[in-house]
Amino acid sequence: MERGRWDNGAGPLGEAVLTALFTQAQTPMYLLDTELRVTYANTAAQDTHRPSGGAPAGRHLWDLLPDTETDRLREALGQVLKTGTPRLGVLLQGRTAGPRHRPHVLSLDLHRLQDAEGRILGIVAAATDGTEEHRRSRQTLLHQAAGTIGTTLDVLRTAQELADLTVPALADGVAVDVLDSVLRGQAPPAGPLLDSLPLRRAAYSTRPGGEDIAIHQVGEVSAFASNTPYTACLADLLPRLVTDIQHDPTWLAREPERRRRFLAAGVHSLLLVPLTARGVILGLAVFLRWHTEPFDRQDLTLAADLAARTALCLDNARLYNRERSVARLLQLDLRPPRVAAHIAVDTAHTYRPTGPGADWFDVIPLSSARVALAVGDIPAPGLQSAARVGELRVALSALSAMDLPPDEVLERLHALTVRFRAELPPQEPHRPVSCLYAVYDPVTGRCTAASSGHPPPALLSPDGTVSFAEIPAGPILGRGNGQYQAAELQLPEGTTLALYNTGLLHTTGGDTTAAQQHRLGQALASASAGTLQDRCDAVHYAMAPHDTDHDVVLLLARTRLLGPDRAAAWTWPNDPSAIADARRAVRHTLTTWGLHHLTDSTALIASELATNAVRYTSTPFQLRLIRTEYALTCEVIDDNGTAPQLRHADDTDEGGRGLFITSQLTENWGVRPARRGKAIWAEQPLHPA
């Protein structure tokens, strides 16, 4: 082999030393100029990589190393020449020269050369046999898989992690197909697939130049013809090694497009490994080779181990997606499908369940034309939170039916939450719950509200100014002492209450609560005129961030006041003679309202309720008539806090029939606490059912 000479600036002695080092070194070494052409090759290089077609001088290094990864070698040499950063252990897969062309892995160490003035002279490359080291390194893929496969609970990401890890370490190309049911989080069929069910391409990775081999792109359905290694693998769930495709393409005749692409790219072998976990089939991983040596049984074992780990991660992702989907559906089902119209308020809402929480809102009709407005927040993921929302909403509805004040409602919700928490398993974390509960009375215009650690509602007055209600913030439900205080607000007609959750205030800038509420107030005041739903949508668009992982809830309620054609109220002295006056007033009012068919029954109800107030109190009492679209309510308010009990009087009893008569004449009746004392109300339908 001819050897070049170089000027090292150290004279003949330096040249002799360098020549001895290169000549006597057991490692093949090459000197390359700035054009990446060989200028010198030592004796070991001559013996190991014997070139064909003449002397090495003036030829590129990749011409002297046949059947190796030329593109990767060019990239590594160019990077070292440009940056000056040495590259050590660059692995190039290929085949040895000679008739057998055995698999071979070459390891290169590359260093840039430059003189004292900094001029770049070229590159020195040292080549060693890395075949055994490469075989050992392949076994480390299992250890690498533990840290690189299944980093997220995402089916597509997990499949792509398997493909990226094994190319080019194990295969030249990898395709991963999964069942559609896995992507949707549903349970796949147990056992083998007896029929050729369509799969969907979840991931594909390849060496440069292998993109055209894939028939299906990621996301496309990848069905396989029957009676092929693909369907056989899915049928018996056994991995398969397919070798020498170029000379035994019988089964490929059933798939002409796959045959054409395989033969054109030179694919010579493949591994088919089913993805199974917990007794169910999830998909299929296909490993292809066309650049390196054919697969062997050791490769099949390694691929099966990698596929087993991947399948477990895929099943975990499937189970997570299923739980998340069920939680989302349950959460959507828990919200009111349609908020019914109410005489006390006009309502509009937006509900965007984007995050893992379980937030909710409610609009609950109450007695005497009142309405309860509630919004809650559980910032925790999973089915448990959605189930907890269902429990709390049912409890809230039941407590609302008892006509309890907002502070007492929250106190009882707190007690229920503490009990729920005690029933949880020790490992189950407690999920904090905040809630705002408000009751609005359209007869008086009074709103009473209490809060368990929830943001206060915004108030948009009819003149366009915005303020925030001052409501004492009680403890989170299930924590603290469970003591709450209610605040009373006198609202002009047309005031809009904005109830919301913390998801509406979340911003990426980390603003303070005051700044977030200021932004909300501006959005509420500047929303364009139109329907109440238009205003609600405008506030949602202005406030809710696009990339939030938190649910967004916004409920707007615009108040109404019932006029004299809907409500009438009198205060009577505590005197038996006032009962007759009350009956006459009731008859006159109902005649004015055109409800002649209810005058007799309502007068009797008012007489019985007023008699009860006169008998058991010593102060004046109030009588109210409230008419809605469907019902007429008669109620008496006195200062005695004792709730009466319905009795079934005997035939010889002279009293005790008042509430019994009332219950027979009405569709519904009840007792609720008042500011002082109690209110007894009785409701009749305006028209027969």
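The values are calculated or read from the model by the stated rules, or taken from the named source; none is laboratory data. Bear in mind that the values here come from a model prediction, so they are computed numbers and not experimental data. Virtual Cβ from ideal backbone geometry, glycine too; neighbours counted across all protein chains shown. Heads up: the accessible areas ignore ligands, DNA and RNA and are worked out on the full protein's heavy atoms, side chains in. Shrake-Rupley method; radii C 1.70, N 1.55, O 1.52, S 1.80 Å.
Table: residues versus (1) loosely packed, with under 11 Cβ neighbours inside 10 Å; (2) modelled with pLDDT under 90; (3) among the hydrophobic types (A, V, I, L, M, F, W, C).
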{"position": "614", "(1), (2), (3)": "no, no, yes"}
{"position": "617", "(1), (2), (3)": "no, yes, no"}
{"position": "622", "(1), (2), (3)": "no, no, no"}
{"position": "633", "(1), (2), (3)": "no, no, no"}
{"position": "656", "(1), (2), (3)": "no, yes, no"}
{"position": "673", "(1), (2), (3)": "no, yes, no"}
{"position": "677", "(1), (2), (3)": "no, yes, no"}
{"position": "681", "(1), (2), (3)": "no, no, yes"}
{"position": "685", "(1), (2), (3)": "no, no, no"}
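Just one of (1) outside any helix (DSSP H, G or I); (2) open to solvent by less than 40 Å² (accessible area, probe 1.4 Å) fails for residue 582. It is (1). Residue count for segment 307-326 satisfying the condition of being touching a strand residue (DSSP E or B) at 6+ places or on another chain (Cβ under 8 Å) and modelled with pLDDT of 90 or more: 7.
For segment 526-553, filtering for residues that are in a loop (DSSP other than H, G, I, E, B) and modelled with pLDDT of 85 or more leaves 1.
Okay, residues lined up against (1) touching a Gly at 6+ places or on another chain (Cβ under 7 Å); (2) not small (Gly, Ala, Ser):
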residue: 566; (1), (2): no, yes
residue: 569; (1), (2): no, no
residue: 572; (1), (2): no, yes
residue: 577; (1), (2): no, no
residue: 583; (1), (2): no, yes
residue: 595; (1), (2): no, yes
residue: 605; (1), (2): no, yes
residue: 608; (1), (2): yes, yes
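Scanning segment 226-253 for residues that are surrounded by fewer than 17 Cβ atoms within 10 Å (Cβ to Cβ) and over 18 Å from residue 199 (Cα atoms) returns 240, 243, 244, 246, 247, 248, 249, 250, 253. When segment 456-505 is filtered for residues that are surrounded by 18 or more Cβ atoms within 10 Å (Cβ to Cβ), touching an Asp or Glu at 6+ places or on another chain (Cβ under 9 Å) and part of a loop (DSSP other than H, G, I, E, B), the ones remaining, listed by number, are 456, 482, 484, 486, 501, 505. Among the residues making up segment 152-180, a single one is in contact with a Pro (Cβ under 9 Å, 6 or more places away or on another chain) and free of Cβ contacts under 8 Å to residues at least 60 places away in the same chain: 180.
Looking only at residues of segment 78-95 that are within 22 Å of residue 26 (Cα to Cα) and surrounded by 15 or more Cβ atoms within 10 Å (Cβ to Cβ), we find that the one that is modelled with the lowest pLDDT is 95. Residues satisfying the criterion are absent from segment 432-454 (criterion: open to solvent by less than 20 Å² (accessible area, probe 1.4 Å), among the aliphatic types (A, V, I, L, M) and assigned to a loop (DSSP other than H, G, I, E, B)). Pull out all pairs, ordered by first then second residue, where Cβ-Cβ is under 9 Å, the residues are six or more apart or on different chains, the first lies in segment 513-536 and is over 15 Å from residue 464 (Cα atoms) and of a type in the set (Asp, Glu), and the second is modelled with pLDDT of 90 or more and surrounded by 13 or more Cβ atoms within 10 Å (Cβ to Cβ). Pairs that qualify, where the first residue is over 15 Å from residue 464 (Cα atoms) and of a type in the set (Asp, Glu) and the partner is modelled with pLDDT of 90 or more and surrounded by 13 or more Cβ atoms within 10 Å (Cβ to Cβ), are 534/348. Taking first residues from segment 197-214 that are more than 20 Å from residue 230 (Cβ to Cβ) and partners that are in a loop (DSSP other than H, G, I, E, B) and aromatic (Phe, Trp, Tyr), the Cβ contacts under 9 Å between residues at least 6 apart in sequence or on separate chains come to 207/290. Selection of segment 256-313 for residues being basic (Lys, Arg) and in contact with a Pro (Cβ under 7 Å, 6 or more places away or on another chain) yields only 259. Of all residues being within 24 Å of residue 120 (Cβ to Cβ) and open to solvent by 30 Å² or more (accessible area, probe 1.4 Å) in segment 61-77, which is modelled with the highest pLDDT? Just the residue, please. In this case the residue turns out to be 74.
Among the residues of segment 51-60, is any modelled with pLDDT of 80 or more, in contact with a Pro (Cβ under 8 Å, 6 or more places away or on another chain) and either within 28 Å of residue 293 (Cβ to Cβ) or open to solvent by less than 60 Å² (accessible area, probe 1.4 Å) (or both)? Yes, the conditions are met somewhere in segment 51-60.
Among the residues of segment 554-565, those that are open to solvent by 60 Å² or more (accessible area, probe 1.4 Å) and either in contact with a strand residue (DSSP E or B) (Cβ under 8 Å, 6 or more places away or on another chain) or closer than 17 Å to residue 588 by Cβ (or both) comprise 558, 560, 564, 565. Residue pairs whose Cβ atoms lie under 9 Å apart, separated by 6 or more positions or on different chains, with the first residue in segment 262-287 and touching a residue at least 40 places away in the same chain (Cβ under 8 Å) and farther than 19 Å from residue 204 by Cα and the second assigned to a strand (DSSP E or B) and open to solvent by 10 Å² or more (accessible area, probe 1.4 Å), are 279/190; 280/190; 281/190; 281/274. Restricting to segment 658-671, and then to whatever is assigned to a helix (DSSP H, G or I) and either surrounded by 13 or more Cβ atoms within 10 Å (Cβ to Cβ) or of a type in the set (Val, Ile, Thr) (or both), can you tell me which residue is modelled with the lowest pLDDT? Per the criteria, the residue is 658. Return yes when residue 300 is open to solvent by less than 30 Å² (accessible area, probe 1.4 Å) and more than 23 Å from residue 182 (Cβ to Cβ) and no when it is not. When the stated conditions are applied, residue 300 passes them. Residue count for segment 233-251 satisfying the condition of being free of Cβ contacts under 8 Å to residues at least 24 places away in the same chain and not charged (D, E, K, R): 4. Assess whether residue 373 counts as being assigned to a helix (DSSP H, G or I), modelled with pLDDT of 90 or more and either open to solvent by 60 Å² or more (accessible area, probe 1.4 Å) or on the phi < 0 side of the Ramachandran plot (or both). When the stated conditions are applied, residue 373 does not pass them.
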